1. Return the long-range amide H neighbours of A:SER168 (sequence gap of 5 or more, or a different chain), with a cut-off of under 5 Å between placed amide H atoms.
2. What accessible area per residue comes out for the range A:149-259, rounded to a whole number of Å², with a 1.4 Å probe?
3. Give the cross-link partners of B:LYS4 among the lysines, using a straight C-alpha distance below 24 Å as the criterion and excluding same-chain residues fewer than 8 apart.
4. Run the numbers on the range A:1-143 and let me know its relative contact order in percent, using alpha-carbon pairs under 8 Å that are six or more apart.
5. Give me the 1.4 Å probe accessible area per residue for the range A:272-387, excluding ligands and nucleic acids, in Å².
6. So how far, in whole Å, is the C-alpha centre of the range A:28-95 from the one of the range A:136-171?
7. Antiparallel as a % of all DSSP beta bridges within the range B:57-206, to the nearest 5?
8. DSSP beta bridges in chain B, what fraction antiparallel, as a percent rounded to 5?
Amino acid sequence: MQDTADQNQETSLAMKFSISKDKLVEGVNHVMKAVSSRTTIPILTGIKINAGLDGITLTGSDSDVSIKAYIPLEEDDEEYVSIEKPGSIVLQARVFSDIVKKLPSDTVNIEADSRLITRITSGSSEFNLNGLDPEEYPRLPQIEEENIITIKTDLLKHLIRQTVFAVSTSETRPVLTGVNWNIQNGKLDCVATDSHRLASRSVAVESAENATYRNIVIPGKSLNELSKILDDNSGEAVSIVITESQILFKAKNLQFFSRLLDGNYPDTDRLIPNESKTDIVISTKGFLQAIDRASLLAKEERNNVVKFRTLSGEVEISSQSPELGRVFENVQAEEIKGEELKISFSAKYMMDALSKVDSQDIRISFTGAMRPFLIRPVGDDGILMLILPVRTY
Amino acid sequence: MSWKELAQTQATAARILTNALTQGQLAHAYLIEGQKGTGKRKAAKLLSQSFFCQNKEGAEPCGHCRDCRRVNSGNHPDVVWVKPDGQSIKKEQVSNLIKEFSYRGVESRRKIFIIEQADHMTIQAANSLLKFIEEPNGETIAVLMTEQMQQLLDTIISRCQILTFRPLSRQQMEEQLVAKELPRPLARLSAALTNDIEDALEYCSNEWFAEARQKVIQFMEELINQSQSVLLKIYGSFSPHFDDQSKMDIGLDLILLWYKDLMSLHLERMDDIIYIDQLDLLNRQALKSSLQQVTDDMSSVLSAKKRLSAHVNQQSVMEQLVLMLQGGVSNEL
């Protein structure tokens, strides 16, 4: 302690503030989700702490996603932060997060000097940490007020859940590991496909009149992360800002940045058939459960394929495994129109799609046994799932 | 480091790159090929700085803006720098590289990929790299570095602009060392020993090296005087000084350079002489030996080097070498 006191005479104070420990821990927990220990960029092993005049911002990043947590000076008449000198510092994330969790008192004082030595005091304990230069930390895009797109949190989470499951997991076409967003005329279209199936969802968003964004491909991994950190119960809206290299989601006191995928997303519109030869309306839950049962035998086989056949007024689902045996099940359909049909498809893809639909009934439109078929919830045109059949009959 | 400095040693490459930078006509992939110590890494760093620097003058990066500093410290998020982790480029590094190819930049759409020892890449990695450099998108650059260009896939080579880095000439290196106030005899010797200016600097500032030079000169003196105690000298002072294989290898190189000087003397190429302060001794020995003999002696030293690298006991290697140089044993042994 004495040592630093001596050295402090030659150095100047770079940052100083005190903060409520609970708020700090909460913020650090948020940003730690973005920090990875396996980064190739040394500075990203740290958390950036920025003390501004309006509050504290913590930033963590693994360069793919970055999370900023904001702690305001006061909220609901409670004071959380008091700033003595604005400034910033980067501290080793792992150590810093462990330290703040275990600090003894309810308030934490943090001060950094111009040599980046950072003193953290709380109650009777004092830590002196070697900081890193905040100038070295990546610059994240700034929010520009004019091009903001607004969407409700729960709608955003739904939209992610209903599309991201269909992204490709193989690296052969990297652009397919993301969800393609297009925004035009206040409408957001999201499409994900791994070239065996496709999920798409359109929703209305609030945006500037002429805001148009094309080919914004967001990595599926980032969207999953985003979905996890968004608060379920808040009825608040999320603001979205799109820059040339990153997309930013801003919730209350939390900002989530993701890098975008490079490359042109394939044109998926022409994959979607316009006409149909067989149309079926069926209960979502009943159909899903039947497929699930049939898949019990099918998934023992490598491909997890179930067969599907239209009968009069009902459909037959079957599957077999040479070793285990067979299963047949008839499910009552609400409506069957058009030609008779026999088709096979992956039970997993079907279950993935059905489990994302909230409506009671779905409409499935087939255009022959070898053509992809469409699944749409009845009464909601925004959602569309497409599955490619498997050749077995 | 600046482009001006680079131009002193790699004039052609520096000119190509600075012209491309000032005219905004950078290629999307460069292959820097050249031996160790020729400044490949420095050039790549310089190129990254010029690529990102906000206040560059012409092609020169300012060197102290945020971007320049981060390129230097390895913290720039849009500079993806891959160097072999040990012997080869690891699978994890490759998958990270492939991922980076498919993402846009962190701060802007500009990105630069730098791959050291690109010949160490696996075929899989090389192919994904190929896919990337086949479809460049204006704002990214790939810089590959290699010491063995022939080990790269032809398909990769054909898609890169190749920059050949010439090894530093001995004279250039010697002048650089002398400019750093190092004694000329030592500078000349270390420049003859290595192409790497850093290595040479280390030799010159190392006391061991200066002593090694003395030992070798003493050894040659004993040989010329046909002293009976050469072998004793070897046991007593020579071997203890060169006490491991790499040191011994340097010792043998020093001896080899001595014979090369003798040859230069015979051919009257005075400029090439390396032990410039030992002209007397060299002249005396040159008078006593024929050109043929010098050649034979050189091949004796070379075969000693070969045996050393085959892990023959160092002592035996030296004993045999001494006997051969004294003319006692024929080279065929």
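The values are calculated or read from the model by the stated rules, or taken from the named source; none is laboratory data. From a predicted model like this one, the values you see are computed outputs, not experimental measurements. Positions of Cβ are backbone-derived with ideal geometry, glycine not excepted, and every protein chain shown enters the neighbour counts. Side chains included, ligands, DNA and RNA excluded: accessible areas come from the protein's heavy atoms. Shrake-Rupley method; radii C 1.70, N 1.55, O 1.52, S 1.80 Å.
1. It is A:THR177, A:GLY178, A:THR193, by chain and number.
2. Values: 4450 Å² over 111 residues.
Per residue, the range A:149-259 has an accessible area of 40 Å².
3. Counting by Cα, and skipping residues close in sequence, B:LYS4 has these lysines nearby: B:LYS36, B:LYS40, B:LYS42, B:LYS45, B:LYS56, B:LYS180.
4. After rounding, I find 28 percent.
5. The answer is 50 Å² per residue.
6. With the range A:28-95 and the range A:136-171 each reduced to a Cα centre, they are spaced 20 Å.
7. That works out to approximately 20 percent antiparallel.
8. In chain B, approximately 10 percent of DSSP beta bridges are antiparallel ones.
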